[in-house]
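Below: the structure, in structure tokens.
The values are calculated or read from the model by the stated rules, or taken from the named source; none is laboratory data. Everything numeric here is computed off the predicted structure, so don't read it as measured data. We place every Cβ from the backbone using ideal geometry, glycine too, and count neighbours over all the protein chains shown. Note: areas computed on protein heavy atoms with side chains; ligands, DNA, RNA excluded. Shrake-Rupley method; radii C 1.70, N 1.55, O 1.52, S 1.80 Å.
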Amino acid sequence: MFFEAVAYVAVGLHFAFLALGLLGGFAAWRWPWLIWFQVAAAAWLVLVVAASLPCPLTWAEDRARAHAGLPAHEGGFLANHVAGVFYPHGQERTAQIVAAVVVLSSWAGFASVRRRRRQAGNPSRSRRRSPDRVARP
């Protein structure tokens, strides 16, 4: 029972990490300090997929499943828990492109929100002159 719970926790952590890597940039619009965690998570996701690196959470899930007497999964987290649920099997490349667009969109939005906040906080950067101000010769 304990190892089965560990396997489920590993899967839950996987989903949380995937959500951070894909959607954390949008959360950073509200909490700017979060962007650095999102950038690191997105970089790790790209590295794992591009270089076919083993993920420590997959390793933990596989070991826990083995100790719990559950059948082994062929493939990694994406193949077993994401493909066929969030995108159709065989459409990995399309899903990767959509994920990249989502991440890059969140970063563009983050930059835009940040720029607007900086301009709102610094009135000297305003492009328009106040109508009550008279230009000095």
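Descriptive notes on the structure:
- Cβ pairs under 9 Å, 6+ apart, first in segment 85-99 and free of Cβ contacts under 8 Å to residues at least 60 places away in the same chain, second open to solvent by less than 80 Å² (accessible area, probe 1.4 Å) and among the aromatic types (Phe, Trp, Tyr): THR94/TYR87; ALA95/TYR87; VAL98/TYR87
- Residues of segment 53-87 classified as closer than 15 Å to MET1 by Cα and part of a loop (DSSP other than H, G, I, E, B), total: 3
- In the set ARG125, ARG129, ARG116, only one residue is modelled with pLDDT of 90 or more and loosely packed, with under 11 Cβ neighbours inside 10 Å; that residue is ARG116.
- Hits in segment 10-43 (condition: under 28 Å from ALA72 (Cα atoms) and in contact (Cβ under 8 Å) with a residue 24 or more places away in the chain): ALA10, VAL11, LEU13, HIS14, PHE15, PHE17, LEU18, GLY21, LEU22, ALA41, ALA42
- Residues within segment 63-109 that are open to solvent by less than 60 Å² (accessible area, probe 1.4 Å), polar (S, T, N, Q) and out of contact with any His (no Cβ under 7 Å at 6 or more places or on another chain), tallied: 2
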